[in-house]
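Student: Quick one: structure below, then a few questions.
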Amino acid sequence: MDSKKDYYILGIESSCDETAAAVVKNGREVLSNIISSQIDIHTLYGGVVPEIASRKHIERINQVVDEALKEAGMKPEEFDAVGVTYGPGLVGPLLIGVSFAKAFSYAANVPLVGVNHIEGHISANFIENPELEPPFLCLVVSGGHTHLVRVNDYGKYEILGMTQDDAAGEAFDKVARAIGLGYPGGPKIDKVSKEGDPDAIHFPRAHVGDSEYDFSFSGLKSAVLNYLNSMEMKHEEIVQADVAASFQKAVVDVLVQNSMKALDRYGDKTFAIAGGVASNSALRAAMKKACAERNIRFCHPSPVLCTDNAAMIGAAAYYDFMAGCRAGLDLNAVPNLRLGER
């Protein structure tokens, strides 16, 4: 590779309910980042409906990519590679992005790079913090994933812990629905919690046996449902804001405790968070405080880079591309793809 050359990557993301395309220069500089969200549609159903999501991706992907290229002032043949999320995620939506990326790669005669969605979330930190370099510890926390990862080098990951049942974001969605906030749960619980008392109700903090860095949130979700049923049976008032704040504190406590435990053991001097739940204000504040107490540098992406987006995919694809990773036109969607697999 020519170290003096600038490399331009087209990133494509369609793993769930956002159709996104971005142009990223040298893995760190975002020239465009277009996101078409389907939240309004899926809110009607209380969650993402895969079939509807797939149809909307088909409708929007051409326009989204065209807009990304126009905003960046790029032509298809000017790219060094096209990077696309091929897993993990919903198989229908993934296939739309992968199919488009393969067609783009073939038509423009540019290399194709398959990107792991979780790796994309981690890589969002490289955009927000241009001086950030591995190794560092990263907590990826979203609607579908809760991973505590040691980033040993670009593209080199060691999973220290992960959820054994519900992801944190999934628990937020389910509890939000139970207390009448609706979908999407994360932002709504974060907002309502500011009006509540986080110590009003004690919900359990789960620890997974001999797996000290793993997470479990299904028991917490059940505890909230049991509390709500108990209060209804006793005809006692349920204070929505207090339930939301107490639940949120229980989630944040476990995320912070496990993360700090890993930092203390591995001795990393930089800690990062990523994923949709990484935009939660209580989690950010708690992580910032815990890191400051240990003199640890704390990194986090801005909210637009926490949600599913294509800039993070373009960043991850750049480092994979520079490492020599290429995908063929037989690239397929892998819904259960694990971090580090190829």
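The values are calculated or read from the model by the stated rules, or taken from the named source; none is laboratory data. Because the structure is predicted, anything quoted here is derived from the model rather than measured. So basically every Cβ, Gly included, is an ideal-geometry build from the backbone, and we count neighbours across all protein chains shown.
Student: Just checking: which of the helices (runs of 4 or more DSSP H) contained wholly in segment 61-179 hold 3 or more residues that are at pLDDT below 95 and among the aliphatic types (A, V, I, L, M)? I'd like the intermediate steps shown before the answer.
Tutor: On the way: elements: 91-108, 117-128, 168-178.
The qualifying helices (runs of 4 or more DSSP H) are 168-178.
Student: I've got another one for you. Does Y266 satisfy the condition of being closer than 19 Å to D153 by Cα and either among the hydrophobic types (A, V, I, L, M, F, W, C) or modelled with pLDDT of 95 or more (or both)? Walk me through how you get there before you give the answer.
Tutor: Values: closer than 19 Å to D153 by Cα: yes; either among the hydrophobic types (A, V, I, L, M, F, W, C) or modelled with pLDDT of 95 or more (or both): no.
So Y266 fails the test.
Student: Any residue in segment 90-108 that's more than 14 Å from N332 (Cβ to Cβ): show its pairings with residues that are surrounded by fewer than 19 Cβ atoms within 10 Å (Cβ to Cβ) and aliphatic (A, V, I, L, M) at Cβ separation under 7 Å, as long as the two are six or more apart or on different chains.
Tutor: Close Cβ pairs satisfying both conditions: Y106/L329.
Student: Which numbered condition trips up V254, out of (1) touching a residue at least 60 places away in the same chain (Cβ under 8 Å); (2) touching a strand residue (DSSP E or B) at 6+ places or on another chain (Cβ under 8 Å)?
Tutor: All conditions pass for V254, except number (1).
Student: Among the residues of segment 203-214, is any more than 17 Å from V254 (Cα to Cα) and assigned to a loop (DSSP other than H, G, I, E, B)? Spell out the reasoning first.
Tutor: Initial filter on segment 203-214 (more than 17 Å from V254 (Cα to Cα)): none.
No: segment 203-214 contains no residue that is more than 17 Å from V254 (Cα to Cα) and assigned to a loop (DSSP other than H, G, I, E, B).
Student: Continuing with this model, one more query. Report yes if some residue within segment 192-212 is crowded, with 20+ Cβ neighbours inside 10 Å, without any contact (Cβ under 8 Å) to a residue 40 or more places away in the chain, assigned by TED's automatic domain parsing to the domain that holds E170 and of a type outside the set (D, E, K, R); otherwise report no.
Tutor: no
Student: Taking the options L44, L31, name whichever one is free of Cβ contacts under 8 Å to residues at least 40 places away in the same chain, within 28 Å of P187 (Cβ to Cβ) and not hydroxyl-bearing (S, T, Y). So that I can check it myself, show each step before the final result.
Tutor: On the way: L31 fails: free of Cβ contacts under 8 Å to residues at least 40 places away in the same chain.
On inspection, the qualifying residue turns out to be L44.
Student: For D17, work out the one condition from (1) without any contact (Cβ under 8 Å) to a residue 40 or more places away in the chain; (2) in contact with a His (Cβ under 7 Å, 6 or more places away or on another chain); (3) not basic (K, R) it doesn't fulfil.
Tutor: (1)
Student: Would you say A53 is under 30 Å from L181 (Cα atoms) and touching a Cys at 6+ places or on another chain (Cβ under 9 Å)? Walk me through how you get there before you give the answer.
Tutor: Details: under 30 Å from L181 (Cα atoms): yes; touching a Cys at 6+ places or on another chain (Cβ under 9 Å): yes.
It is true that A53 is under 30 Å from L181 (Cα atoms) and touching a Cys at 6+ places or on another chain (Cβ under 9 Å).
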